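> My questions will all concern the structure given below.
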Amino acid sequence: MRISTRFADTSFSVLALAGAYLIFKEPSSAALAIDNWNPWLELGCAFILTIIMASYAVWGARLDRRCAEDYVFQLITNAALIAVITSLMSHAIWDMSFLNERGLPKPTSGDMVGVMILSWAMGYTFYRVRGLNA
Amino acid sequence: MKNNLKILRAMRDWSQAELASHLDVSRQAINAIETGKYDPSLPLAFKIARLFEQNIEDIFDDEFAGE
């Protein structure tokens, strides 16, 4: 299947809704922490999982590049950069905000995924409307 | 990057959709190139040049040339 501009437009509209839902939905109860969980094991799991997921993402991006025309791929990748920067900055500000002391809950992983997806869709819309040279 | 793709397309009396089908890209991509919202990749630029039987630099104006 070829990823056309229309397909990308539709996909990012759906993604924007999904991102907004993740941000505004009620957070689920936190997972119980296991007291005797070895921190080195946790670090190892995180490291291995990151390598596996990053490799999978590289494969996925290669597939995207083959399936999408260059214009669409550039739109997606430029928007992804916006999403990464927005997510990092949002997390830093939201997590360290003085409003946390006044009752604003810390961001959940769902919130951050929501911010990332929504900002990806917003970045896509921005470049689609203003152009990749904007 | 400025280009004269719109003029070349008009000379052949092609619509954006027709040019897009010749180049195997979407009509939106052609529109984005013509309006300067997107600079095509090198392979696509070569494809455009071959289609119109011109050199790339005759179609695309390198605004940074001479700097």
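Laboratory data are not the source of any read-out in this text; all were calculated from the coordinates shown. Just so we're clear, the structure is a prediction, and the values are computed from it rather than from any experiment. Every residue, glycine as well, gets a Cβ built from its backbone with ideal geometry; the counts of neighbours run over all protein chains shown.
> It is to be established whether one or more residues within region B:20-36 are touching a Pro at 6+ places or on another chain (Cβ under 7 Å) and within 14 Å of another protein chain (Cβ to nearest Cβ). Can you show your working first?
Let us first name the residues in region B:20-36 that are touching a Pro at 6+ places or on another chain (Cβ under 7 Å), namely B:33.
Now restrict to residues that are within 14 Å of another protein chain (Cβ to nearest Cβ): B:33.
Taking every residue of region B:20-36 in turn, at least one turns out to be touching a Pro at 6+ places or on another chain (Cβ under 7 Å) and within 14 Å of another protein chain (Cβ to nearest Cβ).
> Could you check region A:15-134 for helices (runs of 4 or more DSSP H) lying wholly inside it with 3 or more residues that are touching a residue at least 60 places away in the same chain (Cβ under 8 Å)?
By residue number, A:70-96, A:109-130.
> Could you count how many residues in region A:78-134 are of a type in the set (Lys, Arg) and within 14 Å of chain B (Cβ to nearest Cβ)? Working first, answer last.
Of all residues in region A:78-134, those of a type in the set (Lys, Arg) come to A:102, A:106, A:128, A:130.
Add one more test, that the residue is within 14 Å of chain B (Cβ to nearest Cβ), and what stays is A:128, A:130.
Count: 2.
> Can you name every residue in region B:30-40 that is touching a residue at least 12 places away in the same chain (Cβ under 8 Å) and part of a helix (DSSP H, G or I)?
Passing the criteria: B:Ile30, B:Asn31, B:Ile33, B:Glu34.
> Which of the residues belonging to region B:41-57 are touching a residue at least 12 places away in the same chain (Cβ under 8 Å) and facing chain A (nearest Cβ under 8 Å)?
Once the filter is applied, which keeps residues that are touching a residue at least 12 places away in the same chain (Cβ under 8 Å) and facing chain A (nearest Cβ under 8 Å), region B:41-57 yields only B:Leu44.
> Give region B:6-29 a look and list any residue that's more than 25 Å from A:Cys67 (Cβ to Cβ) and either touching a strand residue (DSSP E or B) at 6+ places or on another chain (Cβ under 7 Å) or in a helix (DSSP H, G or I) (or both), or say none. Before the answer, list the steps.
Going through region B:6-29, the residues more than 25 Å from A:Cys67 (Cβ to Cβ) turn out to be B:6-15.
Across region B:6-29, the qualifying residues are B:Lys6, B:Ile7, B:Leu8, B:Arg9, B:Ala10, B:Met11.
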